[in-house]
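Report on the structure given below.
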Amino acid sequence: GGRGGRGRGDERQGERSRKDMLLAQQALLETQRQQNEQLERRVLERTEALEAANRQLQRMSTTDALTGLHNRRYFDQAYQSELKRTHRDGGDLSLLLLDIDHFKRINDTWGHAAGDHCLQQVAQALSQAIRRDTDTLARIGGEEFCVLLPHTNAAGAVYLADAMRKAVAELPVEFNG
C-alpha cells in the first residue's frame with residue numbers, strides 16, 4: 001500500500017457499506033411487499049362487503065317488505081324481460097291477476113294489523129302453489145298480486161289460478177283469536 005491509495009480497511013468498510021445498503025434495500029422491498037399484500041387484502045375485503053351491501057339493497061328494492069314477495073318494481077322488470085323473450089323466441093306467456101275480495105272490510109272491521117296478517121297468509125299460500133323457478137309471483141298493490149308464467153298456455157294458467165284460489169279459500173286465517 002502506497003501513500004495515495006486506499007487501504008484494505010477502507011475496501012472492507014466500503015464492501016460492508018454496500019452489503020448494509022443492499023440489506024436495507026431488501027428489507028425495504030420486503031416491507032413494501034407486505035404492505036401491498038395487506039392493502040390488497042383490505043381492498044378485497046371492502047369490495048366484497050360493498051358487493052354484499054349492494055346485493056342486499058337490490059333485494060330490498062325489489063322485495064315487498066310485508067309479504068316477502070317480489071314487489072311491483074321487480075315484476076315490471078320481469079314482465080318486460082319475459083315479453084321481449086316471448087316475442088323473440090315465441091312460445092306462451094301467461095299472466096294471472098289476483099285480488100283479495102272484500103279486503104277493505106277486513107281492515108275496516110279488525111284493523112290494519114289484521115289486514116297485514118291476512119296479506120302475509122295469502123302470500124304464503126300463493127307462494128306454495130308456485131312450482132317452477134321461472135314463475136314470478138309479486139305483490140303489485142295493496143291486496144293485489146300477479147303471477148307471470150313463462151312457457152304456460154291458457155289451460156295451464158287456468159289450472160294454476162284455480163289451485164291458488166282453492167289454497168286461499170282453505171286458509172284458516174286467525175288473528176288474535
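The values are calculated or read from the model by the stated rules, or taken from the named source; none is laboratory data. Here the structure is a predicted model, which is why all the values come from computation and not from measurement. Cβ coordinates were reconstructed from backbone atoms using ideal geometry, including for glycine residues, and neighbour counts include every protein chain displayed. The accessibility values were calculated without ligands, DNA or RNA, using every heavy atom of the protein model including side chains. Shrake-Rupley method; radii C 1.70, N 1.55, O 1.52, S 1.80 Å.
Computed quantities for the displayed model
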read-out	value
Ellipticity estimate at 222 nm from DSSP helix runs (n ≥ 4, -39,500 (n - 2.57)) divided over the chain, nearest 500	-22500 deg cm²/dmol
Within the accessible area of the chain (1.4 Å probe), percent carbon and sulfur	50
Contour minus Cα-Cα distance for Asp10 and Thr47 (0.36 nm per residue)	7.9 nm
Net length gained if the chain between Thr109 and Ser81 were fully extended (0.36 nm per residue, minus Cα distance)	6.0 nm
Shape category assigned to the range 26-177 from the gyration tensor of Cα positions, a/c cut at 1.5	oblate
Accessible surface, the chain, averaged per residue in Å² (probe 1.4 Å)	74
Leu22 versus Lys166: modelled label distance in nm, points set 7 Å from Cα along the beta carbon direction	8.7
The range 123-164 shape via C-alpha gyration tensor axes, a/c threshold 1.5	prolate
Potential extension, Asp92-Arg59 segment - 0.36 nm per residue separation minus Cα distance	9.1 nm
Helix 154-169 vs. the chain, principal-axis angle (Cα, 0 to 90°, nearest 10)	80
